[in-house]
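A quick write-up on the structure given underneath.
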Amino acid sequence: MPSGRLSPRLATVAGLAVLLFLLWLVFPSGFFLRIATLVWINALAAVGLNLLMGLAGQVSLGQAGFVGIGAYAVALGPRHLGLDPLPSLGLGLLCAGLLAFLVGRPILRLRGHYLAVATLGLGILIWLVLNSEVAITGGRDGIQVPRLVLFGWRVAGAATWYWINGLTLLAGVLVALNLEDSPIGRALRALHDSEVAAAVAGIDVARAKLAVFVIAAVYAALAGALLALFNRFVTPQAADFLHSIELVTMVVIGGMGSCLGAVVGAAVLTILPQALTVFHDYEHAVLGLMIILFMIFLRQGIVPGLAVLLAKRPA
Amino acid sequence: MDQLLQFVFSGLTVRAVYALVALGFTLIYNASDVINFAQEEFVMLGGMVTVFAFAAGVPLPLAALLAIAVAVVTGLLLHRFAIEPARGASAVTLIIITIGASILIRGLAQIVFDRQFHSLPAFSGEEPIRVLGASILPQSLWVLGGAAAIVAVLWLVMERTLLGKAVRATAANRLAARLVGIDTTLVLAFAFGISGAIGAMAGILITPITLTSVTVGTLLALKGFAAAMLGGMGNPVGAVVGGLALGLLESLAAGFISSTYKDAVAFLVILAVLFVLPQGLLGRRGVERV
Amino acid sequence: MARRQRMLRVEALRSGYGRIEAVKGVDLEVSSGEIVALIGANGAGKKTLLRAISGVQPVTAGRILFEGAPIEELAAHARVALGIVQVPEGRQVFAPLTVEDNLRLGAFRRGRAETETTLGEVYALFPVLAAKRHEPAGRLSGGQQQMLAVGRAMMARPRLLLLDEPSMGLAPLLVDQILEAVVRLRARGMTVLLVEQNASAALAIADRAYVLETGRIAHAGTGRALLDDPRVREAYLGI
Amino acid sequence: QAPIRIGSVLSVTGPASFLGDPEARTLRLYIDRINQSGGVLGRRLELVLYDDGGDANRARTFATRLVEDDRVVAIVGGTTTGTSLAMIPVFEEARLPFISLAGGIEIIEPVKPFTFKTPHTDKMACEKIFDDLRKRGLTRVGLISGTGGFGASMRTQCLRVAPAFGITIAADERYGPGDTDMTPQLTRIRNVQGGVQAVVNADFGQGPAIVTRNFAQLGMGVPLYQSHGVASRSFIELAGPAAEGLRLPAAALLVAEQLPDNDPQKPVVMAYKQLYESTQNQPVSTFGGHAFDGLMILVEAIKRAGSTDGARIRDAIRQTRGFIGTGGVVNMSETDHMGLDLSAFRMIEIRNGTWRLLD
Amino acid sequence: MSAIAAQEIGISFGGLRALDGVSFSAEPGEVFSIIGPNGAGKTTLFNIISGVYRTREGKVLLAGEDVTGLPPHRLAARGLSRTFQNLQVFFRMTAEENVMVGRHLRERQGVIGSLLHLPWVARQNRATRERARELLAFVGLADRARDPAGSLPYGALKRLEIARALAAEPRVLLLDEPAAGCNPVETEEIDRLIAAIAARGTTVVLVEHDMKLVMRISNRILVLNHGRMLALGSPAEVRGNPEVIAAYLGRHGAEAAHASG
Ligand SMILES: Nc1ncnc2c1ncn2[C@@H]1O[C@H](COP(=O)(O)OP(=O)(O)OP(=O)(O)O)[C@@H](O)[C@H]1O
Ligand SMILES: Nc1ncnc2c1ncn2[C@@H]1O[C@H](COP(=O)(O)OP(=O)(O)OP(=O)(O)O)[C@@H](O)[C@H]1O
Ligand SMILES: [Mg+2]
Ligand SMILES: [Mg+2]
């Protein structure tokens, strides 16, 4: 590699940083910044899920459950434990990680669709608790989240949140890319293709899967906490099955195994419903159609798919 | 005692619909390794088309046939225009396509039909049948009987005919299937078509009990999927066993433990079963060697 | 010997994977009743060529004629119906299906009655398959799976049999049996295109042979002639 | 002159679509009508309507969009309590009047400066039912509720107000969205220690219809009460003969024809019903009526304020007195942002396959 | 002390006695071959030794220590590595990355360091890559290092697996039909490769049906038949054993003799 050129890892992060800055300059209204902020938040969860699904090949249909844990932590911590939002957030990440750690081992023994249904069950259990324990969680109608105060600074305003979430995403992407480019990342990709060959190479497959499951859960919980703090309101929908499906779709549409893809997938699925409101009654039909078309024409996902298309074109 | 019996009836009859939905999943999975998330839309179409045709004056049996036809055609279209063009893509990609298709079909259905709930008259009256102090609706027996009939036919086709074996061969190894002369495109189209028919039948049979609307399918599909996995994916008998087991679990949990957490109980049991039997109750054990 | 009819003719065939071209303009002929061997190093393009003939690998240029009629537009299953059947590289058995189901699927395009007799023949050739007829194919040992792959192709009673390394993973005794079986099948009117790494054995039974080098035909001739060709001997026979 | 933009976020699709759908139809219908007759303050009205699909997060995003991008002057919408609660902070911060169409009492209690609502609260439904039970001398009640937003919050309210009416909730069962069979729950209620004298079902959608049918199937033999969540013609069709004899509190709209001619609401509800049914080809529901009420209260407030300034409209809404809507007679105040009392609810019984006004 | 020893190994699948009382041991630097008819139990024996299958019958000793029943990754840590008869290649990775995975045990694994990409990670990645390149060159795949493994021809994949197994620097290497899919010239390459590996002191246990290769390179040969030991001895002994000829070799005994003679 010629010296002075950035590694692909740093190039991705730098590119995102520039994008972050440009969008901030360009966007006229708080609404656009808000959508962008939601993109960053969803992307964070998707980047984590991509480590689990794209890299290690372990499908999770319950990722929103961890989003829910993070989101409710910042709502319930201050209300029931008298904690500030920031420590509550930390507690949420801890809870999500711990839960993932505890249930991960038995669940991750399952493969393919069996793993899918087990994670689905886990997500539904979390959702059910959030939905049913009305006295604690406020139940189905949701609950208010106190304002985030960082060292005396009351966090408010679309631009502020845009930056907080954008920078968190940047950090999340960098960490994910770092992980990919390490022995652990290679181990995860290896066990995706052949668990027995990975084991024979000395990889503790169960532990590696557990580790990435926990990491993905923490990403999801962080995204959930940020979403709740940003919205100042949270309902059990944050944890529901459709949200899990949405996260999976983001990862696949963007391109399984591609960190940048996860970000792009999140952007597409967050922006599309907003853009499609012009179709009124046909909004859903068009959304479904677009998902189908994306997957037919860019079947490895947007980012890898476009990379192939660009490579084909003579330079 | 009559209480227990009531819970068992409740679990085994109306909820036999989980078994039907699971069967639909199983068929497409058997042919392609794909979980068809548009399965719930077949159920919805079965109910909604029958309701609208019946309301328009078509006799009930004809309306039901029409609904099945619509679902079959939808299945075939789904295959022809969404699955087939993505031939060679990974199973995950195809699954996302079925999610897109589900959104698309439902979006269109909301425009073609309406957003209200609808019902159908029960096939053989509303008078409950009383057995030892518990009661069952005649329609519930229709659901159970329908599930039994469909699984019997499907089992015969899958296990006893060369066509059934061709379906399984296509899923097991697409390349090899083509090399022995199986038209894998046709096999997949067949799977989607029949799966559509099964879904529609489920929709028609349960609408008199559970009512229908364009959004009726989501949770049903989720439970059908869970049931299929509990029974052991890929095995039609497993799908039915899983469906009935899930139904029974739910109703016993609602009756004896907590109606709030009955779904939680059901999923906990599924997790426990998978922990002991990672291939489900009747699933085929892994056969790949190194 | 009666004048043989031309059965398969491949003209200027090109095929590959995206930007990688694996078969770069191959001309090749197989007459009916012949055994034609195809040998070449790892990555020469043998698999790609056979798959293109079977219709499971897209062709970018060139023609494939079967008994004079172009078939490159035909779907794979239609080519099987014409009698072109392949034993693919890497065995490709239907792992979850039983041994017997695997074999019966081999006869997917044939009538039921004939199936039973052929099944008997396959079991006679490979008794171990009969013993394991109700086992899932995936549990067989490597060599047993290879027997199954060959047996499955025989079930189709092909007119043109494409064999991609049928002896791979087989015990020495069985290698002989397989090659003898190929010769017997020819005697019954079957035509064979045989890819084999066991080159001397293959050349010994072949009427004619081609040597494939990086996607192109490098040498061609009768089996005997190539066996004696010093270049072939050095590069492929290791003598 | 630029049109006056009125925003709305409704659950037109998703699980609450049969609430959101008639609401959306009503808003479109009446905004057209108003424009045909010259608009408001000489300006046209323009409806900016988004579908949140029942998702609170999306609702909040659309709320921001209405405020910052579409620059609406006021909002009529919020189909469910959850979506409404999620949007309130946005509108409060922007100081724009928001008239919610959801039932939850949390929306207006505590009072928020810019937030109003038109439907009766679920608390009122409980009170109306318990009042009726008390009159019939029934005190031991089995409660069965859906876990959806409406059912869950009505359950909470009923549990809370029951003691005040001398009612004992002897059984408290729940069922999930999409559940197809409630016989286990009802069996439990029937067999509860000490028995029950009546059963109350809190939910909307297909759940109550199934509960009603299962209730008949099991031959429970006690009165069944539903909530205003079933107040649409289709419920009777769905529940069939099993619905015979059940009672529910509902708005006058449901029994428009049966209202005595001197009832002040009669002309209003008859007019709405006729217009809706003749243009939409479907029976009215009280849900669309809430949207009608919300829109009319807003339009009259804008007229009275003579301005499209948020704070001025808000003040005008607060001064709504004696407004006659489909839901009742509305008298707002600084401390009451709904303005309905228990008299707005009518107790209705289903007899011979149709609604019968009881009181 | 033997580098590896198996004692009285047995296993059944349903009614099938796949292995019964199989024992052998191999010394450091030895090439020890296992041959036998298809289905004799050779691969199954490998699966038991490497921890992929578990059995209650018999013991496995690695450098004298009892390692029976340890999972594969623990065995790998103790210096055992293998290739597979049914290819187990990481198809989503490049050839080079496949071999890099093989270095797993020789790499530092710090989670925090990996997440933060501390300088040692980059250094280590470079070193691992370099080593992988050397190994690919060693098995003759230098020019395909950057190719996706999925695009390699069959014969190359076999050699890729050998490179990956070697990357762990094992003391005992189990090779399951390394020459399958290779022509005689390519087989000679493998022959040289194995000789070089053994020369470094690594014990090679070889399963192979290519008798020329086996007879030429093995120090000792174990013959399995129907899960039992049929013969154990030097190539010459085995080749002359009439039972082995009847069950397995046929006329190839003579041919093989010619090859090694
Ligand atoms: N799926 C694939 N994707 C990309 N390239 C491939 C693929 N399969 C084969 N190739 C390439 O095509 C060329 C020919 O390969 P092919 O498998 O046809 O060779 P072969 O002669 O059968 O080799 P072998 O004797 O090792 O089986 C090789 O360069 C190989 O790398
Ligand atoms: N997991 C399993 N379940 C059932 N049978 C098995 C299993 N593994 C191996 N077998 C059986 O055990 C026997 C030995 O198989 P193995 O693969 O060890 O043979 P092998 O000696 O390696 O043969 P080959 O030379 O053909 O590779 C075979 O009959 C095989 O079918
Ligand atoms: Mg090949
Ligand atoms: Mg073997």
Excluding ligands and nucleic acids, what accessible area in Å² is computed for E:K59 using a 1.4 Å probe, to the nearest 10? 90
Whole Å is fine, so just give me how far the alpha carbon centre of the stretch B:52-80 lies from that of the stretch A:72-96. 52
Which residue, chosen from D:G240, D:A291, A:H80, occupies the Cα position most advanced towards the positive end of the dipole of the protein assembly as shown, where the dipole is computed from +1 (Lys, Arg) and -1 (Asp, Glu) charges on Cβ about the Cα centre? A:H80
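Looking only at the protein assembly as shown, where both bridge partners belong to it, what percent of the DSSP beta bridges are antiparallel (to the nearest 5)?
Numbers: 64 of 128 bridges.
The answer is about 50 percent antiparallel.
What quantity of accessible surface, computed with a 1.4 Å probe and excluding non-protein components, is buried in total between chains E and A, in Å² to the nearest 100?
2500
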Would you compute, from DSSP H runs of 4+ residues alone, the mean residue ellipticity of chain E at 222 nm, taking -39500 (n - 2.57) per run and dividing by the full residue count, rounded to the nearest 500? -11000 deg cm²/dmol
Scan chain A and note any complete DSSP helix (H) whose C-alpha atoms cover at least 18 Å along its axis and whose Kyte-Doolittle average is 1.6 or more. A:8-26, A:85-108, A:205-231, A:241-254, A:259-275, A:283-297
Return, in residue-number order, each cysteine of the protein assembly as shown whose C-beta is not under 4.7 Å from any other cysteine's C-beta. A:C95, A:C259, E:C182
Write down the percent of antiparallel bridges among all DSSP beta bridges whose residues are both part of chain D, to the nearest 5. 30
With a 1.4 Å probe and all protein chains left in place, how much accessible area per residue does the protein assembly as shown have, in Å²? 35
Taking the full set of protein chains and a 1.4 angstrom probe, give the accessible area of C:R159 in square angstrom, rounded to the nearest 10. 100
Based on the Cβ-Cβ distance of E:H226 and B:L163, what FRET efficiency does E = 1/(1 + (r/R0)^6) give at R0 = 35 Å, to the nearest 0.05? 0.35
Using a/c under 1.5 as the rounded threshold, could you call chain A rounded, prolate or oblate? The axes a ≥ b ≥ c are square roots of the C-alpha gyration tensor eigenvalues, and prolate needs a/b larger than b/c, oblate otherwise. rounded
How much FRET efficiency would the formula 1/(1 + (r/R0)^6) give for B:R87 and D:L275, where r is the Cβ-Cβ distance and R0 is 56 Å, rounded to 0.05? 0.60
If unit charges are put on Cβ atoms (+1 for Lys and Arg, -1 for Asp and Glu) and the dipole of chain B is taken about its Cα centre, the option from B:I129, B:L156, B:V167 lying farthest towards the positive end turns out to be B:V167
To make sure I understand the rule: partners must be aspartates and glutamates, Cα under 17 Å from the Cα of D:K128, and not fewer than 8 residues away in the same chain. Which ones qualify? D:D203, D:D341, D:E349, D:D359
Rolling a 1.4 angstrom probe over the protein chains, ignoring ligands and nucleic acids, what is the accessible area of D:D69 in square angstrom, nearest 10? 60
Holding the Cα-Cα limit at 21 Å, pick out from C:K47/E:K42; C:K47/E:K158; D:K135/D:K266 the pairs that are longer than that. C:K47/E:K42; D:K135/D:K266
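If each residue of separation counts as 0.36 nm, what is the full-extension length gain between D:D309 and D:T168 once their alpha-carbon separation is subtracted?
45.9 nm
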Portion, in percent, of the accessible area of the protein assembly as shown that falls on carbon or sulfur, probe 1.4 Å: 59
As a test of the formula, what do you get for chain A when each DSSP H run with n ≥ 4 contributes -39,500 (n - 2.57) and the sum is divided by the residue count, at 222 nm and rounded to the nearest 500 deg cm²/dmol? -24000 deg cm²/dmol
Give, as a single signed number, the net charge of other residues whose beta carbon lies under 10 Å from the beta carbon of C:M168, with Lys and Arg counted +1 and Asp and Glu -1. -4
Using amide H atoms built in the peptide plane, which far-off residues or other-chain residues are under 5 Å from E:G181 H to H? C:G169
What's the FRET efficiency of A:W24 with A:T277 using the Cβ-Cβ distance as r and R₀ = 25 Å, to the nearest 0.05? 0.55
Nearest 10, in degrees from 0 to 90: the angle of helix C:142-155 to the longest Cα principal axis of chain C is 90
Using only protein heavy atoms and a 1.4 Å probe, how much accessible area in total is buried between B and D, to the nearest 100 Å²? 3000
Using a 1.4 Å probe on protein heavy atoms, which residues of the stretch E:109-140 have at least 20 Å² less accessible area in the complex than alone? E:Q109, E:V111, E:S114, E:L115, E:H117, E:N125
With helices defined as uninterrupted DSSP H runs, which ones in chain B have an alpha carbon span along their own long axis of at least 30 Å and mean Kyte-Doolittle hydropathy of at least 0.5? B:91-112, B:138-160, B:184-210
If amide H atoms are modeled at 1.01 Å from N in the peptide plane, then the residues at a separation of 5 or more from C:G25, or on another chain, having amide H under 5 Å from its own are C:L13, C:R14, C:S15
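What dipole magnitude, in Debye to the nearest 20, does the protein assembly as shown give about its Cα centre under +1 on Lys/Arg Cβ and -1 on Asp/Glu Cβ?
In total the dipole reaches around 1460 debye.
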Just to be sure I understand: if you take the accessible area of chain C alone plus chain E alone and subtract the pair, with a 1.4 Å probe, what total do you get in Å², rounded to 100? 2100
Per residue of chain D, what 222 nm ellipticity follows from adding -39500 (n - 2.57) for every DSSP H run with n ≥ 4, rounded to the nearest 500? -12500 deg cm²/dmol
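Rounded, prolate or oblate: pick one for chain B, where a ≥ b ≥ c are the square roots of the eigenvalues of its C-alpha gyration tensor, a/c under 1.5 means rounded, and failing that, prolate if a/b is larger than b/c, else oblate. Mind showing how you got there, number by number?
Values: a/c = 1.82, a/b = 1.22, b/c = 1.49.
Here chain B falls in the oblate category.
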Pair E:R192, D:N262: separation of 7 Å Cα→Cβ label points (nm): 11.5
When only Cα pairs under 8 Å and 6 or more residues apart are kept, what is the percent relative contact order across chain D? 16
Only protein chains counted, 1.4 angstrom probe. Which residues of the stretch C:118-153 are at least 20 Å² less accessible in the assembly than when their chain is isolated? C:K132, C:G138, C:R139, C:S141, C:G142, C:Q144, C:R152
If the cut-off is a Cα-Cα distance under 18 Å, which lysines reach B:K223, setting aside same-chain residues fewer than 8 apart in sequence? B:K262
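Cβ neighbours within 10 Å, averaged per peptide: list C:183-192, B:6-15 in order, most packed at the top.
Descending packing order for the listed peptides: B:6-15, C:183-192.
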Given charges of +1 on the Cβ of Lys and Arg and -1 on the Cβ of Asp and Glu, with all other atoms neutral, how large is the dipole of the stretch D:94-223 about its Cα centre, in debye to the nearest 20? 240
Separation between the A:F101 and E:F91 pseudo-spin-labels, each 7 Å from Cα along Cα→Cβ, expressed in nm? 3.7
So which aspartates and glutamates pass the test for D:K303, namely a Cα distance under 15 Å, with those fewer than 8 places away in the same chain ruled out? D:D315
Taking amide hydrogens as modeled 1.01 Å from N in the peptide plane, which residues meet the under 5 Å criterion relative to C:T98, leaving out close sequence neighbours? C:A137
So, relative contact order of chain E in percent, Cα under 8 Å, 6 or more apart, is 26
Kindly identify the stretch B:1-51 as rounded, prolate or oblate by the Cα gyration tensor criterion: order the square roots of the eigenvalues as a ≥ b ≥ c, call it rounded if a/c is under 1.5, otherwise compare a/b with b/c, prolate if a/b is larger, else oblate. oblate
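The values are calculated or read from the model by the stated rules, or taken from the named source; none is laboratory data. Just so we're clear, the structure is a prediction, and the values are computed from it rather than from any experiment. Virtual Cβ from ideal backbone geometry, glycine too; neighbours counted across all protein chains shown. Note: accessible area is taken over every heavy atom of the protein model, side chains too, but ligands, DNA and RNA are not part of it. Shrake-Rupley method; radii C 1.70, N 1.55, O 1.52, S 1.80 Å.
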